[in-house]
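Written out below as structure tokens is the structure these notes cover.
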Amino acid sequence: MQQHNNLINGQWTAGQTVAPNINPSDLSDVIGEYAQGNAADVDTAVAAAAAAFPAWSTSGIQARSDALDKIGTEILARKEELGDLLAREEGKTRAEGIGEVARAGQIFKFFAGECLRLSGETLPSVRPGIGVEITREPIGVVGLITPWNFPIAIPAWKIAPALAFGNCVVLKPADLVPGSAWALADIIHRSGIPAGVFNLVMGPGRVIGEALVQHPGIAAISFTGSVGVGRGIAAACAQNGKKVQLEMGGKNPQVVLDDADLTQAVELSAQSCFYSTGQRCTASSRLIVTDKIYPAFIEALQARMAKIKVGDARAAGTDIGPVVSQTQLEQDLSYVEIAKAEGAVLAAGGGRVACHTGSGKEGFYMQPALLVDSTAGMRINREEVFGPVASVIRVRDYEEALLVANDTEFGLSAGIATTSLKYATHFKRHSQAGMVMVNLPTAGVDYHVPFGGRKGSSYGPREQGRYAQEFYTTVKTAYTLA
Ligand code: NDP
């Protein structure tokens, strides 16, 4: 069994113990053993990053651009192999895994370019004879804490801008899926960047994550994960004076209006709600459907769902892989029961199933669930499930649909299916989400534009695209007497 160590100060370093990485499509398949570090490992990694910072932050934009470009090139060249590893450890299909790996490679390439595009401003002073320059500088050592659902893309979209703008990094990936993050760390290590610039410390969030958040040597924390953990991190960062960026949950609405193209609306709803096993923060979980199209929409969506093949993430013909873990599966199934107890009606799926290939492999397979006759106040429509579970709310008209769509403590992504320019334009303007989709699934975003939400979904500056510089740099204003 291959053992995978932490990367600290350019050295592969054993942890105190190891944890197995288990394939959710086949519980007898152990992918490898991964180091479990402790707070002392975080200390060493932060010290190494701090020592590397002066040279890295002044190394010059060409050197940083070349390093990121090299990393992106290797990721793209190995996308099939790494996509297979991702599918094996996380449970999204092989095609989705390859797509995610390609995304990670593209992100590194994008930020290789961003190294060269960082600009400042020069202004005249209000005092004659003085010039003012505004520049952006790196912030120091950043701690990156990432979730299990995008095991390579989310680390990539935090690491690439951090390094591009001259920061040093300590990454703590999700304990459930450390394999893709380890493979990424290996690529970064072999790219030739100096020891200590990038460090990987694996282990439980309560140990490694908390040590990073509390560490005085960490200038900023970028976190993606659940609301509960995120809020605790924000409070600790405020206490310790750290810059913080949080991307958290969603309860993303998909509005379907009477004038929608029915086939398109059904397809994008199925994609939004169930693909990637519904385990995307941008997945839709509330379908808000107007009166006249409601019966035809439900019937067509049930027919579409009947064709979905659930099974081994890496098997040919699989549309939807397993749920990531036993805990998550139990949560998904329990929300189906909660919704039924509240009065919603289960119209499709909702139970544990066997792999469609008939392989007999034991995995966390769940048939996507559709709950109809739900109302906006039910727990199923207010709390994030994070699985292949969608509930439908029937509304009178567009105005009510918009009210219900915005009636949530979250605000990550929102979609509308309509052929009306008037309603599409109004929805784009009045949706209280950070990302709005017209006739597109709520999930599925570009890497060169900002990503993030409003209300309880996000906190701090946006990630990705050129907006990423807001978090990963600090502004300096310099005055010069001419
Ligand atoms: P968690 O919040 O449980 O974990 C996220 C990360 O935080 C993991 O690395 C975890 O470590 C770590 N962590 C856990 N406890 C602490 C702590 N006390 N201090 C510091 N770090 C800690 O989320 P999940 O991994 O379960 O991810 C699912 C969640 O992520 C969903 O709610 C989803 O909505 C959200 N998400 C949001 C996205 C967005 O951009 N808005 C994108 C993707 C997911 P460990 O794994 O070891 O527990």
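Quick notes on this one:
- Long-range Cα-Cα pairs in the range 181-297 (distance over 18 Å), rounded percent: 67
- Amide H to amide H distances under 5 Å link Ala347 with Leu370, Leu371, Val372, where only residues 5 or more positions off or on other chains count and H is placed in the peptide plane.
- Taking the centroid of alpha carbons for each part, the range 371-396 and the range 208-260 are 24 Å apart.
- Helical contribution to [θ] at 222 nm, DSSP H n ≥ 4, -39,500 (n - 2.57), averaged over the chain, rounded to 500: -12000 deg cm²/dmol
- The percentage of C-alpha pairs in the range 157-200 whose separation is greater than 17 Å is 25%.
- Distance from the alpha carbon centroid of the range 41-68 to that of the range 264-327 works out to 43 angstrom.
- In the range 252-438, the C-alpha radius of gyration followed by the widest Cα-Cα span (Dmax) gives 15.9, 51 angstrom.
- Among residues other than Asn252 with Cβ under 10 Å from its Cβ, the summed charge is +2 (Lys and Arg +1, Asp and Glu -1).
- Using distinct alpha-carbon pairs, which all enter the 1/r mean, Kirkwood radius of the range 37-171 in Å: 16.7
- Sorted by Cβ neighbour density within 10 Å, fewest at the top, the residues Met1, Met378: Met1, Met378
- Residues in the range 407-420 carry Karplus couplings, in order, of 7, 7, 7, 9, x, 8, 9, 8, x, 9, 10, 7, 9, 8 Hz; the curve used is 6.51 cos²θ - 1.76 cosθ + 1.60 with θ = phi - 60°, and Gly or Pro positions show x.
- Cα-Cα over 22 Å, subset of Lys309/Lys361; Lys292/Lys340; Lys109/Lys476; Lys340/Lys428: Lys292/Lys340; Lys109/Lys476; Lys340/Lys428
- Computed over the chain: relative contact order in percent, which uses C-alpha pairs under 8 Å that are six or more apart: 17
- Centroid-to-centroid separation of the range 430-482 and the range 134-188 [C-alpha atoms, Å]: 17
- Radius, Kirkwood style, for the chain when every pair of distinct Cα atoms is counted (Å): 23.2
Values quoted throughout were computed directly from the atomic coordinates according to the rules given, and no laboratory measurement underlies them. Predicted model only: the values in this text are computed from it and were never measured. In this analysis, Cβ positions are derived from the backbone assuming ideal geometry, glycine residues included, and neighbour counts consider all displayed protein chains.
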